[in-house]
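First the structure, in the form of structure tokens, and then the observations on it.
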Amino acid sequence: MTSVDEFKKERERLNEIVLEKGGTNIKRFFSLDGKVYENGALPAKTKELLGLVASMVLRCDDCINYHLIQCKKEQVSDAELEETLSVALIVGGSIVIPHLRRAFGIWEELRSAE
């Protein structure tokens with residue numbers, strides 16, 4: 001099992017627990033989170049890239065992994081990903097570098113699974 005597979009499995013398991021135990025406000029937030037990334041005035045692909053930048057700057061590895069997986073589903077190219085990560089690096093500064101390394105590593109894993 002790859003690290004991406006492990007991440008997906010654990011995320012799904014924990015989300016089930018949250019949705020089972022969580023109240024209305026938590027469930028509404030989860031629903032809104034999913035809806036925001038759907039196609040609208042901006043395509044889902046663009047929204048995932050925006051989410052990736054925000055996650056990089058906020059230094060949330062779980063969020064980074066999730067958006068990388070979604071970016072792969074949205075057929076983000078290597079060049080698009082590199083430019084997106086460059087934006088995250090310039091906005092976030094050098095503190096983003098460890099997350100940048102891991103993001104490229106996960107992207108390689110996603111690409112090799114094709």
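No other residue among 54, 41, 88 is within 15 Å of the chain's Cα centre (by Cα) and either part of a loop (DSSP other than H, G, I, E, B) or without any contact (Cβ under 8 Å) to a residue 24 or more places away in the chain (or both) apart from 54.
Name the residue that is surrounded by the most Cβ atoms within 10 Å (Cβ to Cβ), counting only residues in segment 75-106 that are touching a helix residue (DSSP H, G or I) at 6+ places or on another chain (Cβ under 8 Å) and within 17 Å of residue 8 (Cα to Cα).
103
Taken together, the values in this text are just the output of simple stated rules run on the coordinates, not laboratory data. These numbers come from a predicted model, not from an experiment. Methodologically, a virtual Cβ is constructed for each residue, glycine included, from the backbone with ideal geometry; neighbour enumeration extends over all protein chains shown.
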